[in-house]
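Step one of this worksheet: look at the structure below.
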Amino acid sequence: MKCYAFLVRGINVGGRHKVVMEEFCRELEELGMSHVSSYINSGNLFFDSTLMKEELLLVLEEFLNKAYPFIKVFSLFTLEDYQNEVASLPKWWE
């Protein structure tokens with residue numbers, strides 16, 4: 001099982017494209033993700049999945065196209081992806 005960060009852009013900003021995070025988390029659980037949580041109402045979600053990243057991308061794209069067609073941009077990071085990104089940040093970023 002891998003830990004993922006799912007970052008969704010352009011929701012809950014200025015009253016447009018309203019997504020209820022509690023519902024969104026439940027829907028991800030129905031897709032087979034576990035330990036789903038969100039960070040405030042930002043569209044930043046975290047979950048575990050047995051699927052490989054490539055498989056998960058396909059599942060998420062299909063889900064978003066059906067349930068939330070206004071979501072056009074998202075990123076999916078494994079814990080390892082995230083740690084590599086953080087490690088490659090320039091020192092001045094800290």
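The values are calculated or read from the model by the stated rules, or taken from the named source; none is laboratory data. Small disclaimer: the values here were computed from a predicted structure and weren't measured. Note: ideal-geometry Cβ built from the backbone for every residue, glycine included; neighbour counts use all protein chains shown. We work out accessible area using only protein heavy atoms, side chains counted, and drop any ligands, DNA or RNA first. Shrake-Rupley method; radii C 1.70, N 1.55, O 1.52, S 1.80 Å.
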(request) List every residue pair whose Cβ atoms lie under 6 Å apart, where the two residues are 6 or more positions apart in sequence or sit on different chains, the first residue falls within the stretch 1-25 and is over 22 Å from Lys53 (Cα atoms), and the second residue, located anywhere, is open to solvent by less than 40 Å² (accessible area, probe 1.4 Å) and of a type in the set (Gly, Ala, Ser). (result) Ile11/Gly43
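Hey, does the stretch 43-66 have a residue that's of a type in the set (A, V, I, L, M) and farther than 24 Å from Glu85 by Cβ? First the steps, then the outcome.
Looking only at the stretch 43-66, we keep the residues that are of a type in the set (A, V, I, L, M), and these are 45, 51-52, 56-60, 64.
Next cut, farther than 24 Å from Glu85 by Cβ only: none.
There is no residue in the stretch 43-66 that is of a type in the set (A, V, I, L, M) and farther than 24 Å from Glu85 by Cβ.
Residue-by-condition table, conditions (1) farther than 14 Å from Met1 by Cα; (2) of a type outside the set (A, V, I, L, M, F, W, C); (3) part of a helix (DSSP H, G or I):
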| site | (1), (2), (3) |
| --- | --- |
| Val19 | yes, no, no |
| Phe46 | no, no, no |
| Glu55 | no, yes, yes |
| Leu58 | yes, no, yes |
| Glu62 | yes, yes, yes |
| Phe70 | yes, no, no |
| Tyr82 | yes, yes, yes |
| Val86 | yes, no, yes |
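Can you tell me which residue in the stretch 21-44 is nearest to Lys66 (Cα to Cα), limited to those that are in a strand (DSSP E or B) and over 11 Å from the mean Cα position of the chain (by Cα)?
Taking the stretch 21-44 as the starting set, the residues that turn out to be in a strand (DSSP E or B) are 34-39, 44.
Still in the list and also over 11 Å from the mean Cα position of the chain (by Cα): 34-35.
Working: Ser34: 21, His35: 23 Å.
Ranking the qualifying residues of the stretch 21-44, first place goes to Ser34.
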